[in-house]
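Just so you know, all these numbers are worked out from the coordinates, no wet-lab data involved. This is a predicted model, so every value here is computed, not measured. When we count neighbours, we look across all protein chains shown, and the Cβ atoms used for this are built from the backbone with ideal geometry, even at glycine.
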Amino acid sequence: MSSLLDIVLDNTSRQRYAILKFFLDNPNRKFTRQEILQKVTKGEYLLILNKKNDETDEHPFINKSNDKGVPTIFRDRLNELVQEDILQQSRLGREFLYKLNKNIVISEIEKYNISEKHAPDIQSWIPSLKNYGELPFASLLESLDKSSRKIYDDSFKDESHITIVDFETPFLKDYKLSENITELYWIIQDRVIIRKLIYIGNYYPNKEAEKKTLKDFMPYVLKESKGQWYVTGKCEGDTFFRSIPVNRIIEKHIYEDEREFERESFSPAEYWDGCAGITKYGKPIHISFEVKNGLIYNNIEYINSMPLVKGHQKTKQVGDWLKVFLTNVYLGPELIRKIRTFGRNNIKNIKPRWLEEDLWEEGNRKDIDIRIETRTENLKAWEKCAKNKLQIHKGGENQQAKIIIKTDPKNPAWHQVRISELLIDARFYSFITNQEMDLGSERIIVKNSSILK
């Protein structure tokens, strides 16, 4: 007995239906002709195309003479769907890209009646989500908002333009950023390895930004911090996760076979616990300082109502000063900038002492003596890594510093190291506390260790 599809659809209708179902299953992604062809000639889409309901049955989309070619009838079906405003077509170089028309998706949602019971809930979270317009589902929010407001507002048609809550109105829509985030969103969901990721690296004073390339990058999560979007993941062999600013990504290429990776357990809430932003320098530390109100700004009220790091802050009022204790927090530029805003004359008794250099950048440099325990054959590699970590190179913040290494004649496993004219700041602290992890040292001792307290 023939299936319902055999009765209702002719061959060209089957072809359009298979393509449309594929896009309905992937409503926010763009695909090339070759990618669509590869997908719809397999699995459930192939069963739609074949009258015999058999995956081995041939159909016009399979071109045995040229595996990389795209049959004319396949291009015709795509063109028909574009002409009917079901698919959107764009061009990137020589490639044609296709995506489901977002109005099709929105119109499908508008068919559903939102009950009076659920309308208040929808209205409560719509404004918050509108702040994240770069996400692929954001185009649906306006439709949901309108549908829920119709229930209560008889004059809705006259006031549909009114903004009820505004979080952060952008002056310019960044379409490139939105496109990048949408693509990354689906790459993360499908656990696809990014074969090559090229991006602009960190910006340093008096130094041109460098292009950096990651190979076999495994993305885990999209993270928004201080209005900036990041993609966080790791490369093969990485111990720690990397966070790449999405707006600095120049190119990204995935494997043709969309190679997947096995995602390990990852909790954003746990990973960024103790962070004031996206950055995690070294190990968590304890920070304390005293702060008072300025001539204009009420610093004390602000700190008490808006903790610098949520869940990690305690305060104690002593006269005109407020003692602030931050326990087990990660240092990063976001936290430094927060503390700076209170004003230099309104802060005192900062601990650890090296933190003052990060806050005020006075350029205090010292000669540091340390002892490291490592094999003699590792010394060259150790020195090279130390220069990189401490930026002891031309254009680096410690370009004038020098490293002198001497082996202890009585104990060859130990080496005396003097680093001259070194800036004592978070970079040095991170360097010292991550010795075993970064540089292969078995043990390290800082002779003038008081500078770390």
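Just a few scattered comments:
- Pairs from the list 283/394; 226/316; 351/406; 351/447; 226/380; 394/447 with a Cα-Cα gap above 30 Å: 351/406; 226/380.
- What the Cβ-Cβ distance of residue 73 and residue 24 gives, at R0 = 30 Å and to the nearest 0.05, is a FRET efficiency of 0.90.
- Fully extended contour minus Cα-Cα distance, from residue 90 to residue 323, at 0.36 nm per residue: 78.1 nm
- Distance between the pseudo-spin-label points of residue 209 and residue 47 (7 Å out from Cα toward the beta carbon): 4.9 nm.
- The range 301-453 shape via C-alpha gyration tensor axes, a/c threshold 1.5: prolate
- FRET efficiency estimate (nearest 0.05) - Cβ-Cβ, residue 351 to residue 258, R0 60 angstrom: 0.75
- Filtered chymotrypsin sites (Phe, Trp or Tyr not before Pro), the range 177-233: DSSP coil and at most 12 other beta carbons within 10 Å: 203
- Computed over every Cα-Cα pair of the range 190-296 and binned at 5 Å starting from 0, the pair-distance distribution P(r) comes out as 2, 10, 17, 20, 18, 13, 8, 5, 3, 2, 1, 1, 0 percent.
- Exceeding the 28 Å Cα-Cα cut-off - candidates 234/453; 234/389; 42/212: 234/453; 42/212
- Treating r as the C-beta distance of residue 376 and residue 191 and R0 as 51 Å, the FRET efficiency rounds to 0.70.
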